[in-house]
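Working notes, beginning with the structure itself.
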Amino acid sequence: PLSVSPAADPAVISPQDPTLLIGSSLVATCTVSPDFPLKAEDLYWTLNGRRLPAASYAALGPSTLSVALARLNGSRQQSGDNLVCHSRDGGILAGSCLYVGLPPEKPVNITCWSKNMKDLTCKWAPGTEGETFLHTNYTLKYKRRWYGQDNTCQEYHTAGTYSCHIPKDLALFTPYEIWVEASNRLGVAVSDVVMLDILDVVTTDPPSDVHVSRVGDLEDQLSVRWSSPPALKDFLFQAKYQIQYRVEDSSEWKVGGHRRCRGTARGGRGPRRSHLLPLQVVDDVGNQTSCRLAGLRPGTVYFVQVRCNPFSIYGSKKAGIWSDWSNPTAASTPRSERVAGGCDPKGGEQNTTLRRELKQFFGWVKKHAYGCSNLGIKLYDQWRVWLQKSHKTRNQVGKEP
Amino acid sequence: SPTGDSWGIFTFLCAALCNLPALPALNCSEELGAGQSIQQTYDLTRYLEHQLRTLAGTYLNYLGPPFNEPDFNPPRLARAERVPSATVDLDLWRGLTDNARLAANYRAYSRLLCYLRVLDGQVGMAELRHRLAHFCASLQGLVLSIGGVMSSLGYPLPTGPAGTPAPPGAATAPNDFLKKMDDFWLLKELQTWLWRSAKDFNRLKKKVPPAVVTLRLEARGF
């Protein structure tokens, strides 16, 4: 059954919905409407659901009770702390939302980028290490330097909470001033102005169609091929690429590349393709759309990614911004059939193909030949042991000329 | 996400319906439409009930204690009566005709949707706004679905300013705390409406002849 109250509000709280700085104190009063038969001693206060101590109350009149709040903390929720005046039975008579916090600090670290010179996305950081405890609004503004009016960015949260996207009407070869305004109930803060030309911050999509394949039977190499991002065709700029790769069960990426992936190798090795060492430090593979990775482990699965950086845009010397890495592509290096270890005799080798064949041969000899009963696989093993011992002795004595 | 899967099922249901073959032995094609329409509406009501549980929890936490306390039961001030109340005499409710009951549902959800949209515009938190927007879209779907049921049963849609209540500005809460109370009651009423609508549609489903079963029997009869 609903309890429908009369038309008038049962009580009035003052101040109603105040905004306060952290650490400030407040005295609030609750005055019961004359229509209600309640007196000051019938009332009590709660803040965010918790009863406030009677020691902080004071009766200011027959139907007015005050409460003193000292050194307020930041608001528990952004919708405001709930300060409520109750009647003795717990019923709610009136409430007031307290907004306790700090004014905003200057937003910082504004970084912007343009996708294919068509738009501009900027992100920033709030500037307060802790919280303001109040809802803070951020507005990104921009204008052409020296003239023009302020424009306001409309599409927020496109690249995270503190970001905005400007989709059109941006001029090239023009310096822009960009800044962020933060405002909340307690004040406003404006970031430093960032100046940039769209052409300074161009990035593009990652390369598409990345293919990784084996190079014939070569165990330590993989060939990487990709397509340049389609946007490159439209503009007067070049692209340079970077490759990174890792083995399947490692989380550590290695970055590789060589200035001229297909050109002659350095050091005058002749017209062979230049190879890449897996531990080479960050470098670019030039503007070729293929590259070979070398010095890899045989029989291993590798994950490869490529990214792209537009540069020499309209002939400028500046580099752009690296794109995201392409989705990883995997391929494996071939594993050779040879047994590792080569021709050196090893004492412990019991399972070589040669030994197996010898065993079969001796078995046959026993059946079909007479007088060779001393021949057997055990003799062969003894011979191997003798061979290993004599090798060691030889090495200890010194190298034979 | 689970909500995504529910919508997937719902969309599939709609697609399957569109591809039902038209058999010559089929009569009362309108009833077939009504039956499936009611089932859809029932499913949507249950889906919204589920969504509201999460949304209400998040929103009440945003309002802060005591609003998010389980036993919170504030007085219902007269001004808050503008939100369509779901609690009426149950016998009275059951005594209504199907048409009247459907119309009451249609009007109530249209108004509730409007109030929710206003709420959405005022909330500061991006995550909450996102959830509210999603819920409003689903609720819009429910209003349309109820309209579809009414049409398929041959009832006229409620006319007049049912879809648009008095402009929210006229009756906005005079202070932030009272506004929080209004928000609380809006969510509470929405909860009760959805709970009762589910029962209504379940009952209505049983009244309409089971056309799907009829379809199968007649197919076998060929």
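The values are calculated or read from the model by the stated rules, or taken from the named source; none is laboratory data. These numbers come from a predicted model, not from an experiment. Note that we place each Cβ from the backbone using ideal geometry, even for glycine, and neighbour counts take in every protein chain shown. Protein only, heavy atoms only, side chains kept; ligands, DNA and RNA dropped before computing areas. Shrake-Rupley method; radii C 1.70, N 1.55, O 1.52, S 1.80 Å.
Within region B:64-83, the set of residues being within 11 Å of chain A (Cβ to nearest Cβ), assigned to a helix (DSSP H, G or I) and either modelled with pLDDT of 95 or more or closer than 14 Å to residue B:188 by Cα (or both) comprises B:80, B:81. Is at least one residue of region A:7-16 away from every other protein chain (no Cβ under 14 Å) and surrounded by 13 or more Cβ atoms within 10 Å (Cβ to Cβ)? Looking through region A:7-16, none of the residues is away from every other protein chain (no Cβ under 14 Å) and surrounded by 13 or more Cβ atoms within 10 Å (Cβ to Cβ). Considered as a group, the residues in region A:75-91 that are surrounded by 18 or more Cβ atoms within 10 Å (Cβ to Cβ) and more than 9 Å from every other protein chain (Cβ to nearest Cβ) include one that is nearest to residue A:30 (Cα to Cα), and that residue is A:85. Is it the case that region A:105-119 has a residue that's in contact with a Ser or Thr (Cβ under 7 Å, 6 or more places away or on another chain), in a loop (DSSP other than H, G, I, E, B), in contact (Cβ under 8 Å) with a residue 24 or more places away in the chain and open to solvent by less than 60 Å² (accessible area, probe 1.4 Å)? Yes; the residues of region A:105-119 include at least one that is in contact with a Ser or Thr (Cβ under 7 Å, 6 or more places away or on another chain), in a loop (DSSP other than H, G, I, E, B), in contact (Cβ under 8 Å) with a residue 24 or more places away in the chain and open to solvent by less than 60 Å² (accessible area, probe 1.4 Å). Here residue B:86 meets each of (1) open to solvent by 30 Å² or more (accessible area, probe 1.4 Å); (2) not in a helix (DSSP H, G or I) with one exception, condition (1).
Pull up region A:120-129, narrow it to residues that are assigned to a strand (DSSP E or B) and not β-branched (Val, Ile, Thr), then point me to the one that is most open to solvent (accessible area, probe 1.4 Å). Checked region A:120-129; the qualifying residue most open to solvent (accessible area, probe 1.4 Å) is A:123.
Of everything in region B:171-193, what is touching a strand residue (DSSP E or B) at 6+ places or on another chain (Cβ under 9 Å) and either more than 11 Å from every other protein chain (Cβ to nearest Cβ) or of a type in the set (A, V, I, L, M) (or both)? Give them in sequence order. Across region B:171-193, the qualifying residues are B:178, B:181. With respect to the conditions (1) at pLDDT 80 or above; (2) open to solvent by 80 Å² or more (accessible area, probe 1.4 Å); (3) not aromatic (Phe, Trp, Tyr), residue A:309 lacks only one, and its number is (2). For region A:58-96, the tally of residues that are over 15 Å from residue B:175 (Cα atoms), of a type outside the set (A, V, I, L, M) and not in a strand (DSSP E or B) stands at 13. Taken as a whole, the condition of being surrounded by 14 or more Cβ atoms within 10 Å (Cβ to Cβ), at pLDDT 85 or above and either in the same structural domain as residue A:173 (by the TED database) or under 16 Å from residue A:330 (Cβ atoms) (or both) does not apply to residue A:247.
Looking at A:3, A:33, just one residue is within 14 Å of another protein chain (Cβ to nearest Cβ), modelled with pLDDT under 95 and within 30 Å of residue B:59 (Cα to Cα), and that residue is A:3.
Filtering region A:93-104 for residues that are more than 10 Å from every other protein chain (Cβ to nearest Cβ) and surrounded by fewer than 20 Cβ atoms within 10 Å (Cβ to Cβ) leaves a non-empty set.
Condition check for residue A:43 on (1) out of contact with any Lys or Arg (no Cβ under 8 Å at 6 or more places or on another chain); (2) open to solvent by less than 30 Å² (accessible area, probe 1.4 Å); (3) more than 11 Å from chain B (Cβ to nearest Cβ): one failure, at (1).
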